[in-house]
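K.L.:
Take this structure, written in structure tokens, and hold onto it; I'll ask about it next.
The values are calculated or read from the model by the stated rules, or taken from the named source; none is laboratory data. What you see is a predicted model, and the numbers here were worked out from it, not measured in a lab. Side chains are part of the model used for accessible areas, which takes the heavy atoms of the whole protein and leaves out ligands, DNA and RNA. Shrake-Rupley method; radii C 1.70, N 1.55, O 1.52, S 1.80 Å.
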Amino acid sequence: MPIRMHDTLRRKKVDFSTIEAGKVSMYVCGVTVYDRCHLGHARCYLSFDLIHRWLEQSGFDVHYVQNFTDIDDKIIHRANELDGDWKKLVDENIETYYEDMDALNILRADDYPRCTDYVDDMIRITADLIEKGNAYVADDGVYFSIESAPEKYGMLTGQILENVRSGAGGRVDDTGKSKRDHKDFALWKAAKPGEPTWDSPWGAGRPGWHIECTAMSMDYFGAQFDIHGGGHDLRFPHHEAEIFQGECHTGCSPVVHHWLHNGFVNLDGEKMSKSLGNFWTINEILKKVDAMVLRFALINAHYRSPIDMNDALLNDAERNYNRVLECYVTSLKGCLAENNVPLPVADFASTNPLSKSLALLEKMGEGFAKAMDDDFNSREAVAKVLGAVREIMKMHNSDMDAVDSNAFSHYAIDWLEETAGAVLGVLPTREMALAEPEEDPRKLEIADEVDALLLARTQARSDKDWAKADEIRDALHQMGVVVTDTAEGPTWDLA
RNA sequence: GCACGGUUGUCAGAGCGGCUAUGAGCGGGGUUGCAGACCCUGAAACGGGAGUUCAAAUCUCUCACCGUGCUCCA
């Protein structure tokens, strides 16, 4: 079954086909490194991580390129607010970018080009566009002329040339004064005092934002490539500008065969933005929430739909994630020996519960693949994993004989590692899963006191002195300790 | 104004022509002194109107409402 994906340009799901059989060229717009990454970046690169993983899992050899925009107005402004050293600012933020993404178990792209390494290419492409009559030199830079290719306007977003708001009023940037038309966009910005500059045939200056991605993607992939991704907000004008540049420069139409855009993150129903003060950096949120729980929460939604991030969503994710984890650990502990016993044939109609269960899990596995094939529907895929977890736990809790239990545990581990592990990326390593959790120092401090109280409570319970037992439990609550009674006796943890 | 997307039970949110998911919540049961956790089980929805069809949450038209973009943005 072919993979289907939603192409922004064609505005529908299409069967995925590659330029070269078995290989995928994928370019995703990276971050402008003027600050730490926030939740929105996490969502974007997580979306494409899932796409990356599923394409690999489906047998494609994926060449994944993601850039860093390391020169731009915001970087210059931010550096000037600090010590003026934009290179230092850029390096620091690239460093923390990797830290944040690694924490979220996002697989590295194959290449992370920086746009300042591509200024020569951008100059070459700009010169070619001028020669072809698609761009013109003005007082303060070089601009792409929309009028030279009006048929390409609004391809991604359906903007109609006449309707785009006229006037460039309100631009923070004071370049753009000598544009012939307000819709034209800068390919090269003439030098301004105090800014980093590069030499060019049009004098000193620096490249425009849009031309970067064209230069870098073409360097890796040539005139055409399979997938171009990015945040929903980049469709206009950034990606439309790329279509103008790339297609006019190469003469290829299309340059990009599949346009993929991920949805945004809202916070408590409001758009996440700095002006509203509801910006969460990944770094901040990971102080409160386990990275795998955050990952689980973010993939538990289709990549194109907006996510409303709130505590309920995170609590939900935590509960479900722990369920998956528990199932994995139980299965790992269930493997007592090498598996050399064949499992029974999977059969829904069988009276053997193991055989029936295997049939169910097989079907869940197929459902998982079907969900991912259908425009990378990770939410549906997560649902299949949770369904399988329920089934696996049911079997673990049933009275299988030791041989079956061992064989089933091996099967369950394979199932989970292929889906929740390799594709969804939410399983820890086997070693980490089996490792005893490190004791919280706060817990050790009060352990003796708590144990003494629990002992008294156990005594009270066996005396059926419920009032006293509950009194002790309340006292423990006051200390921030939660008691849970199990068949093996009471256990406790910090709230 | 233009464009794109959406409106499904209490909530979140899949479903893309013939049973409807999943999770939380709620009801019943089990386990439990109780609570929690866990397990089993149940009820409950397709924005309004029209059309196509043997059959519509699903396709078409229409109305209403919501979100996002049109400016640097993942």
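K.L.:
Roughly speaking, what is the centre-to-centre gap between region A:65-125 and region A:400-477 when only Cα atoms are used, to the nearest Å?
P.N.:
That distance is 43 Å.
K.L.:
Counting only protein heavy atoms and a 1.4 Å probe, tell me what percentage of region A:314-379's accessible area is made up of carbon and sulfur.
P.N.:
That share works out to 50 percent.
K.L.:
Same structure again: Considering only protein heavy atoms and a probe of 1.4 Å, how much of the accessible area of region A:1-138 is carbon and sulfur, as a whole percent?
P.N.:
Answer for region A:1-138 is 45 percent, counting heavy atoms of protein chains only.
K.L.:
In Å², and per residue, what accessible area does region A:448-493 have when probed at 1.4 Å with the other protein chains present?
P.N.:
68
K.L.:
With a 1.4 Å probe and every protein chain left in place, work out the accessible area per residue of region A:310-434 in Å², rounded to a whole number.
P.N.:
Working: 6310 Å² over 125 residues.
With the other protein chains kept in place, region A:310-434 gives 50 Å² per residue.
K.L.:
Which percent of the accessible heavy-atom area of region A:441-494 goes to carbon and sulfur, probe 1.4 angstrom? Write down the numbers at each step before the final one.
P.N.:
Numbers: 1920 of 3770 Å².
Ligands and nucleic acids excluded, carbon and sulfur give 51 percent.
K.L.:
Shifting gears a bit: Let me cross-check residue A:492: its accessible surface, 1.4 Å probe, with only protein heavy atoms counted, in Å² to the nearest 10?
P.N.:
50
K.L.:
Let me ask another. Once the whole set of protein chains is in place, how much accessible area is left on residue A:477, using a 1.4 Å probe, in Å² to the nearest 10?
P.N.:
100
K.L.:
Let me ask something else. Give me the 1.4 Å probe accessible area per residue for region A:202-268, excluding ligands and nucleic acids, in Å².
P.N.:
Working: 1790 Å² over 67 residues.
Computed with neighbouring chains in place, this is 27 Å² per residue.
K.L.:
Given a cut-off of under 8 Å on Cα pairs at least six residues apart, what relative contact order in percent is computed for chain A?
P.N.:
That works out to 15 percent.
K.L.:
Now for a separate question. Rank A:305, A:17, A:47 by accessible area, highest first, at a 1.4 Å probe radius?
P.N.:
Correct descending sequence by accessible area is A:17, A:305, A:47.
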